[in-house]
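To start, the structure itself, in structure tokens.
Values quoted throughout were computed directly from the atomic coordinates according to the rules given, and no laboratory measurement underlies them. Please read all numbers here as calculations on a predicted model, not as lab measurements. Using ideal geometry, Cβ is built from the backbone for each residue, glycine included, and neighbour counts are taken over all protein chains shown.
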Amino acid sequence: MLDLQNAQEIIEKELKKLNIPDTPASLYEPVKYILSNGGKRIRPSIVLLTANLFSDDISDAINPALGIEVFHNFTLLHDDLMDNSLKRRGNETVHIKWTENIAILSGDAMSILAGQLMANTKAKQAKDMLRIFNKTAIEVCEGQMMDMEFEKRIDVSIEEYIRMIELKTSVLLAAGFQIGALAGGAKMEDAELLYEFGRNLGLAFQLQDDYLDTYGNYETFGKKIGGDILNNKKTYLAINALNLSDKIDKETLQIYMSSDHNDPQEKIEVVKTIFDKYNIPKITREKIDLYFNIAQANLTKLNLSDDKMSGMLSFFNSLKYREI
Ligand code: IPE
Ligand code: IPE
Ligand code: MG
Ligand code: MG
Ligand code: MG
């Protein structure tokens, strides 16, 4: 049975075999750059590991897995532009290393390549796989738009936040499970149970990303610590701080979160001090655990053999305890 490391190795090998053209170099160099500069390969691993739950032969899952990873990397090019991020995976982001227009166009090409890869499979349920992928891709755009709109607001509710991260992040992990299951020949009923597992896992995953954005280490996380604070992102951390703080702290947060501040490092320090005062790290970790626990309960609804269940749980734990 495949484990996460095997799946990651297969993905690295198969990504290298993608025949990305050489010219125009300005279009394709960034594509090669983003596809080869690290990354945990969580989503394509999900596709392969889930296909392997239902079939020893995972060949029909390879291209769809690559398609999901290429799509994810496309969203990163555009996301880094929208978020004004300078670093990703410890390297310069594409719009910084090249230009904004290049990040847009290379991203566009990747989103089309992703769809081609997704459709290029002999799986019996290929049509359903493509339908799920297309629905998910649109949802990611919806979530990204909500994420940006929330930057301008200070009254975002927890419910709105959860819906936003469900769309921008969690549905892609969920789709990876469903598509992987179908590629392995699973019944739709099982594929849907896996989608639900992935949806909750994906919510925990984005909550962790928000937590690490403030409380992680640059060396491992590879993105600027405090970036969400600088962008006035309404993360779970920010929303709880706004909800729990007293009048004075709330006013301070509102002032710092409604504008660009002259001194970015000071803005990060002030906001983080308020987060700490109101126990936001602990509150966030509890919410992360809550979604991991719901996901784990979803998993028990599937009739998996003991060794397949323990394989899934070991993947689950590698996400649960991540620092990167
Ligand atoms: C980053 O995803 C974007 C989010 C949805 C949080 P990952 O943390 O999976 O990024 P890589 O691909 O491993 O760099
Ligand atoms: C991104 O969320 C979700 C995407 C669809 C790319 P973030 O903006 O939090 O992702 P990072 O932290 O930049 O990787
Ligand atoms: Mg971002
Ligand atoms: Mg973003
Ligand atoms: Mg983030």
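Given just the C-alpha atoms of the chain, how large is their convex hull per residue in cubic angstrom?
Numbers: hull volume 38.8 nm³, N = 324.
Convex hull volume per residue, Cα atoms: 120 Å³.
Cβ neighbours within 10 Å, averaged per peptide: list 255-266, 28-39, 150-161 in order, most packed at the top. Don't skip to the answer; put the middle values down first.
Working: 255-266: 12.6, 28-39: 18.4, 150-161: 14.3.
Averaged packing, sorted descending, gives the order 28-39, 150-161, 255-266.
Output needed: percent of Cα pairs per 10 Å distance bin for segment 47-100, bins running from 0 to the one holding the longest distance.
In order of increasing distance, the bins hold 23, 34, 21, 18, 3 percent.
So how far apart, in nm, are the two label points at Arg285 and Ser157 if each is 7 Å from Cα heading toward Cβ?
Simple spin-label model gives 3.0 nm for this pair.
Please list the three semi-axes, largest first and in whole Å, of the ellipsoid equivalent to segment 25-139, using sqrt of 5 times the eigenvalues of its alpha carbon gyration tensor. Intermediate values should be presented prior to the final figure.
Values: eigenvalues 153, 41, 27 Å².
Semi-axis lengths for segment 25-139 are 28, 14, 12 Å.
Would you please classify the overall shape of segment 205-267 from the alpha carbon gyration tensor, given that a ≥ b ≥ c denote the square roots of the eigenvalues, rounded means a/c under 1.5, and beyond that prolate means a/b larger than b/c while oblate covers the rest? The partial results should precede the final answer.
Working: a/c = 2.51, a/b = 1.44, b/c = 1.75.
Oblate, because a/c is 1.5 or more while a/b does not exceed b/c.
Hey, can you rank 8-14, 168-174, 104-110 by average C-beta count inside 10 Å, highest first?
On the way: 8-14: 16.3, 168-174: 24.7, 104-110: 19.4.
Descending packing order for the listed peptides: 168-174, 104-110, 8-14.
When the Kirkwood hydrodynamic radius is evaluated over all pairs of different C-alpha atoms of segment 98-215, what value in angstrom, to one decimal, is obtained?
Values: mean 1/r = 0.0639 Å⁻¹.
That comes to 15.7 Å for segment 98-215.
Show me, for segment 72-84, the HN-Hα J-couplings you get by feeding each phi into the Karplus relation (A = 6.51, B = -1.76, C = 1.60, θ = phi - 60°), rounded to Hz, glycine and proline as x.
4, 5, 4, 4, 5, 4, 6, 4, 5, 5, 4, 8, 6
Based on the alpha-carbon gyration tensor of segment 18-76 and its eigenvalue square roots a ≥ b ≥ c, which shape applies: rounded if a/c is under 1.5, prolate if not and a/b is larger than b/c, or oblate?
Numbers: a/c = 3.41, a/b = 2.12, b/c = 1.61.
Prolate, because a/c is 1.5 or more and a/b exceeds b/c.
Would you kindly give the portion of the calculated P(r) for segment 176-324 that falls above 19 Å, as a percent of all Cα pairs?
Values: 6497 of 11026 pairs.
Of the Cα pairs, 59 percent sit more than 19 Å apart.
As an exercise, find the ratio Rg/Rh for segment 79-151 from alpha-carbon atoms, using the Kirkwood inverse-distance average for Rh. Before the final figure, lay out the partial values.
Details: Rg = 15.2 Å, Rh = 14.2 Å.
Taking Rg over the Kirkwood Rh, I get 1.07.
Once the principal axes of the Cα atoms of segment 244-319 are found, what is the range along each, listed largest first in whole angstroms?
Principal extents (largest minus smallest coordinate, Cα): 56, 24, 18 Å.
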